[in-house]
Amino acid sequence: DFVTANSDIIRLISNENTEKGEYIKKSSLVHGINLPIIAKIEAILDAGVRAGAFRTGLDAIEFHRLTSALINHNINNAYTFGYIFGVDLLSAQSRDRFRVIIADVISRYVMRLPPGASPDRRRPAAKGTPAPAIRGALTLG
């Protein structure tokens, strides 16, 4: 929801990547802006591991990369993907549905499997509801 409401940020980042990071390299602020979110993600992942819900070895930067990729897709591809496949990625219904999918993907990525379980035996969250262990990660606010 933040990304949809602030989609110009995503477009600015996309443009900066087109420019090969030319301007961001000159910024003294960029690290200070992003490090707090990584620290917050680390705290959430550590708490999940301590609680026995999350698997070990998770990396906060990789987690942020994964969530960014999933979330940014709707903004970066709203018009082309939408046109090609006849869907409105920015509609409330589409965003609600994709939010559930994102929660399921993230849950499957972080959740610890029961001993002896194979990865294909992970259970998705109940339809329309993120898994309890991931709710905190969805509201980093």
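The values are calculated or read from the model by the stated rules, or taken from the named source; none is laboratory data. The shown structure was predicted, so the numbers you read here are calculated from the model rather than taken from an experiment. Cβ coordinates were reconstructed from backbone atoms using ideal geometry, including for glycine residues, and neighbour counts include every protein chain displayed. Note: areas computed on protein heavy atoms with side chains; ligands, DNA, RNA excluded. Shrake-Rupley method; radii C 1.70, N 1.55, O 1.52, S 1.80 Å.
Residues of the stretch 79-97 that are assigned to a helix (DSSP H, G or I) and open to solvent by less than 50 Å² (accessible area, probe 1.4 Å): 82, 94. Return the residue satisfying two criteria in turn: it lies in the stretch 99-116 and is part of a helix (DSSP H, G or I) and open to solvent by 50 Å² or more (accessible area, probe 1.4 Å), and of such residues it is nearest to residue 58 (Cα to Cα). In this case the residue turns out to be 109. How about the stretch 53-78: which of its residues are open to solvent by 50 Å² or more (accessible area, probe 1.4 Å), assigned to a helix (DSSP H, G or I) and either of a type in the set (D, E, K, R) or over 18 Å from residue 13 (Cα atoms) (or both)? Hits for the stretch 53-78 are 62, 65. In the stretch 23-52, the residues that are exposed (fewer than 10 other Cβ atoms within 10 Å of the Cβ) form Cβ pairs under 9 Å with partners that are of a type in the set (S, T, N, Q), at six or more places apart or across chains, as follows: 33/27.
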